[in-house]
Amino acid sequence: MMNRLKMLAVLLLALPLLAIMSPARAAAGGEDVAATYKAKCTACHGAKAEKAFDPSKADGALVTAVLKGVKPKMPAYDGKLTADQANGLVAYMKSLRK
């Protein structure tokens, strides 16, 4: 009985931590960042974020690029994505490069 309680306690603690740590989930609303990346970014940045993306840049600069766009080719997503969603995309893109 005690082993079952320990197992239950571990599961109750571990599962939420795994959900929080997953780069495929954004902080705001829990939407699927992978799906957002596939829909909005893959065409230009590639499946593994291997094109026109510098993961060594600061997260803030990358989030600004997502929200404000980068002329001449990258559109601005301000108003279409929140800052939290942009942060999620940046983290996801960096995770693809590892």
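Every number in this text was worked out from the coordinates using simple rules, so none of it is lab data. No experiment lies behind these values; they were computed from the predicted model shown. Neighbour counts run over all protein chains shown; Cβ positions are idealised from the backbone, glycine included.
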Violating pairs (Cα-Cα greater than 20 angstrom) within the set Lys51/Lys73; Lys57/Lys94; Lys40/Lys80; Lys71/Lys98: Lys71/Lys98
Could you list Met7, Met2, Met93, Met74 in order of exposure, starting from the residue whose Cβ has the fewest other Cβ atoms within 10 Å? Met2, Met7, Met74, Met93
Once phi is turned into θ = phi - 60°, what whole-Hz ³J(HN,Hα) does the Karplus curve with 6.51, -1.76 and 1.60 give for every residue of segment 44-53, x standing for Gly and Pro? 9, 9, x, 5, 10, 6, 8, 10, 6, 9
